[in-house]
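Heads up: the structure comes next, in structure tokens.
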Amino acid sequence: MTANDTKVSNAGAPSHAARMWDQANWSHIETEVKRLQMRIAKAVREGRWCKAKVLQRLLTRSHSGKMLAVKRVTENRGKRTPGVDGRIWSSPSARWKGMLSLRHRGYRAMPLRRVYIPRSNGKKRPLGIPCMKCRAMQALWKLALEPIAETLADANAYGFRPQRSTADAIEQCFIVLARRASPEWILEGDIRGCFDNFSHSWILENVPMDKEVLRNWLQAGYIDEGTLFESRAGTPQGGVISPVIANMALDGLEAAVYASVGASKLARSKAQLNVVRYADDFVVTGVSKDVLESRVLPAVRSFMAARGLELSEEKTRITNIAEGFDFLGQNVRKYDGKLLIKPARKS
């Protein structure tokens with residue numbers, strides 16, 4: 001074989017970085033991450049917050065955690081959508097090098113790329129697209145934060161949670177409203193600009209993760225048509241970790257609703273209170289319009305205000321089940337005492 005032949009045969013050989021990515025033992029990696037996540041959840045259940053923090057640090061610095069985070073952000077629907085730097089990690093070599101770049105010391109989040117998605121009402125919803133490194137770092141911390149979020153989550157919160165869906169939320173509506181003795185009054189809650197208005201100070205104080213990294217994401221700002229804008233509130237829609245942070249901020253709504261009529265289960269039972277939430281959409285059932293209007297609604301407003309949020313006056317309403325209400329694209333209504341759930345007109 002000549003020297004030229006050697007050059008030709010080596011030209012197509014994968015690089016060391018590509019081989020390292022391709023030879024990864026994914027079942028072992030996922031098992032390692034799952035094991036650490038279970039230990040974090042156990043520590044939270046036992047109230048051992050210092051141990052949970054140590055385990056979070058262990059997970060976010062681990063080889064397995066970083067590998068799985070990069071795998072998640074390079075195999076999802078947005079894998080070909082670049083951030084402000086215009087880069088994507090499409091090759092095995094780029095993914096391996098991206099994994100090696102996930103260091104906490106000296107980490108600085110880049111601004112988000114602002115894009116707009118059309119909504120059904122003709123308006124546009126803003127999305128913030130992080131660069132690949134920030135996406136992977138968020139996915140890494142999501143692995144460490146999700147066990148805590150799931151352990152502390154409200155029982156009837158269904159949005160952006162593992163093994164839960166809109167169908168589960170609608171099924172819960174059926175369970176609490178279908179019987180003859182079921183509550184007849186429903187508070188339909190609508191939070192004005194939920195993701196855009198979360199209080200940064202509340203999030204930094206209450207979300208249990210590395211505060212410096214979290215502050216980096218919250219204050220990264222965004223670039224819209226070449227101009228850099230500051231982020232003074234909210235958690236950007238489009239970020240990998242945003243749904244988990246939003247859920248953690250809204251968890252506790254059920255407890256606030258139940259506390260509005262008294263601490264005992266008997267008081268809650270008499271008031272027929274039930275909460276069903278999917279992300280920032282929620283409904284609360286009650287025995288009467290007066291209970292929902294005079295007790296539950298003020299409690300919900302107070303809960304939201306602490307987090308920098310407020311209810312939309314136009315879209316938040318109290319209705320009778322005989323009139324029906326729209327929730328998650330479905331219309332829920334009783335016809336002569338029989339509950340029917342069917343697609344809402346605008347859906």
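The values are calculated or read from the model by the stated rules, or taken from the named source; none is laboratory data. Worth saying up front: this structure is predicted, and the values here are computed from it rather than measured. Using ideal geometry, Cβ is built from the backbone for each residue, glycine included, and neighbour counts are taken over all protein chains shown. Calculation scope for accessible area: heavy atoms of the full protein, side chains included, ligands and nucleic acids excluded. Shrake-Rupley method; radii C 1.70, N 1.55, O 1.52, S 1.80 Å.
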Notebook entry, point to check: Hey, any hits in region 85-105 for a residue that's closer than 23 Å to Thr227 by Cα and among the aromatic types (Phe, Trp, Tyr)?
Noted result: no
Note to self: The conditions are (1) closer than 21 Å to Met110 by Cβ; (2) touching a helix residue (DSSP H, G or I) at 6+ places or on another chain (Cβ under 6 Å); (3) not charged (D, E, K, R), and Gly78 fails exactly one of them. Which is it?
What the structure shows: (2)
Note to self: Test of understanding: among Gly286, Gly324, which residue is crowded, with 18+ Cβ neighbours inside 10 Å and without any contact (Cβ under 8 Å) to a residue 12 or more places away in the chain?
What the structure shows: Gly324
Note to self: Checking the structure you have, find out if any residue of region 215-227 is loosely packed, with under 15 Cβ neighbours inside 10 Å, more than 30 Å from Leu297 (Cα to Cα) and among the small types (Gly, Ala, Ser).
What the structure shows: yes
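Is it fair to say Arg345 is outside any loop (DSSP other than H, G, I, E, B) and of a type outside the set (Val, Ile, Thr)?
It is false that Arg345 is outside any loop (DSSP other than H, G, I, E, B) and of a type outside the set (Val, Ile, Thr).
Which of the residues spanning region 118-132 are closer than 14 Å to Lys79 by Cβ and without any contact (Cβ under 8 Å) to a residue 60 or more places away in the chain?
Cys131, Met132
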Note to self: I'm trying to understand the selection: among the residues of region 298-314, which are under 18 Å from Phe195 (Cα atoms), assigned to a helix (DSSP H, G or I) and either of a type outside the set (Gly, Ala, Ser) or open to solvent by less than 10 Å² (accessible area, probe 1.4 Å) (or both)?
What the structure shows: Val300, Arg301, Phe303, Met304
Notebook entry, point to check: Looking at (1) at pLDDT below 95; (2) surrounded by fewer than 19 Cβ atoms within 10 Å (Cβ to Cβ); (3) touching a helix residue (DSSP H, G or I) at 6+ places or on another chain (Cβ under 8 Å), can you tell me which one Leu152 breaks?
Noted result: (1)
Note to self: When the residues of region 82-95 are narrowed to those that are in a loop (DSSP other than H, G, I, E, B) and among the charged types (D, E, K, R), which ends up most open to solvent (accessible area, probe 1.4 Å)?
What the structure shows: Arg87
Margin query: So for region 156-179 (the condition being touching a Gly at 6+ places or on another chain (Cβ under 6 Å), open to solvent by less than 10 Å² (accessible area, probe 1.4 Å) and in contact (Cβ under 8 Å) with a residue 12 or more places away in the chain), does at least one residue qualify?
Written below: no
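Are any residues in region 96-125 part of a strand (DSSP E or B) and either of a type in the set (Phe, Trp, Tyr) or buried (at least 17 other Cβ atoms within 10 Å of the Cβ) (or both), and if so, which ones?
Scanning region 96-125 gives Leu112, Arg113, Arg114, Tyr116.
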Check: Can Trp141 be described as among the hydrophobic types (A, V, I, L, M, F, W, C), outside any helix (DSSP H, G or I), at pLDDT 95 or above and out of contact with any Leu (no Cβ under 6 Å at 6 or more places or on another chain)?
Finding: no
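Surrounded by 14 or more Cβ atoms within 10 Å (Cβ to Cβ), in contact with a Gly (Cβ under 6 Å, 6 or more places away or on another chain), among the β-branched types (Val, Ile, Thr) and modelled with pLDDT of 95 or more: is that true of Val70 in this structure?
Spelling it out, Val70 is indeed surrounded by 14 or more Cβ atoms within 10 Å (Cβ to Cβ), in contact with a Gly (Cβ under 6 Å, 6 or more places away or on another chain), among the β-branched types (Val, Ile, Thr) and modelled with pLDDT of 95 or more.
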